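One structure below.
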Amino acid sequence: ILNVEQSPQSLHVQEGDSTNFTCSFPSSNFYALHWYRWETAKSPEALFVMTLNGDEKKKGRISATLNTKEGYSYLYIKGSQPEDSATYLCAARGGTSYGKLTFGQGTILTVHP
Amino acid sequence: DVKVTQSSRYLVKRTGEKVFLECVQDMDHENMFWYRQDPGLGLRLIYFSYDVKMKEKGDIPEGYSVSREKKERFSLILESASTNQTSMYLCASSPDWTAAFFGQGTRLTVV
């Protein structure tokens, strides 16, 4: 079982603040890293899937980076808005494209107006 | 849009009952998954399936079984429900081993 850790567990920021979270995973036996956003009363929604060391992906005000050599990924939100409030989940797939997808505990983000 | 539909949003069952959680996807995805989510523990994989009639154990399969008789439907079965199976259950599907699409979740309470 891959050990995937996310920090912080929760975060409160003011509207307009920029913020970032961390996802760490074993650097050996790595295949892919996923980020999902899970809003209350909705289904988790995929943000990014990254596989290559140095990958950077962007979707609007949200971006992510991947360092497979040291085993971490950062998710950045620029100019947080109240609608960004959600649980952000990362998940790592180990070994091969057929490996299990193991999730971290999630980071709960609350953006205050 | 991909749609993954779980049969119930909320379910209350008694200890010892056999419980069926149903999941249907409408995009012809090969892979389907069942996770449970508990506070502080993230999503934990119970079972997954990469083809009809094929299934693989996830990280916490004890007390559960699954059935995939048709490509679009993946059922999770609690053989004899126990209170420690009270949880949020999430079904997901994916066309290959990339991003997963999730259902809305079933909050199961076993009393």
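Only the coordinates and a few stated rules stand behind these numbers; no lab work does. Here the structure is a predicted model, which means the values were calculated and not measured. Cβ sites come from the backbone with ideal geometry, for glycine too, and all protein chains shown count toward neighbours.
Over the C-alpha atoms of chain A, the Rg to Rh ratio, Rh being the Kirkwood estimate, stands at 0.97.
Can you tally the lysine pairs in the range A:46-113 where the Cα-Cα distance is under 23 Å and the two residues are eight or more apart, or on different chains? Don't jump to the answer; show the numbers that get you there.
On the way: A:LYS57/A:LYS69; A:LYS57/A:LYS78; A:LYS57/A:LYS100; A:LYS58/A:LYS69; A:LYS58/A:LYS78; A:LYS59/A:LYS78; A:LYS69/A:LYS100.
Step by step, the pairs that qualify in the range A:46-113 add up to 7.
Other protein chain C-beta atoms within 10 Å of residue C-beta, averaged over B:86-97: 2. Applying 1/(1 + (r/R0)^6) with r as the Cβ-Cβ distance of B:LYS57 and B:SER82 and R0 = 22 angstrom yields a FRET efficiency of 0.75.
Per-residue packing, averaged as other Cβ atoms within 10 Å, sorts the ranges A:46-55, A:19-28 into the order A:19-28, A:46-55, beginning with the highest. The modelled label-to-label distance between B:ASP28 and A:GLU39, using points 7 Å beyond Cα along the C-beta direction, is 3.0 nm. For chain B, the C-alpha radius of gyration sits at 0.98 times the compact-globule guess of 2.2 N^0.38 Å, with N the residue count. With a 10 Å cut-off around each Cβ of B:42-54, the average count of Cβ atoms from other chains is 3.
The listed peptides B:14-22, A:105-113, ordered by packing as a protection proxy, come out as A:105-113, B:14-22 (highest mean of other Cβ atoms within 10 Å first). With bins 10 Å wide beginning at 0, the percent of Cα pairs of the protein assembly as shown falling in each bin runs 8, 33, 35, 19, 4, 0. Ordering A:THR107, A:CYS23, B:SER75 by Cα displacement along the dipole of the protein assembly as shown toward the positive end leaves B:SER75 in first place; charges were set at the Cβ atoms of Lys, Arg (+1) and Asp, Glu (-1).
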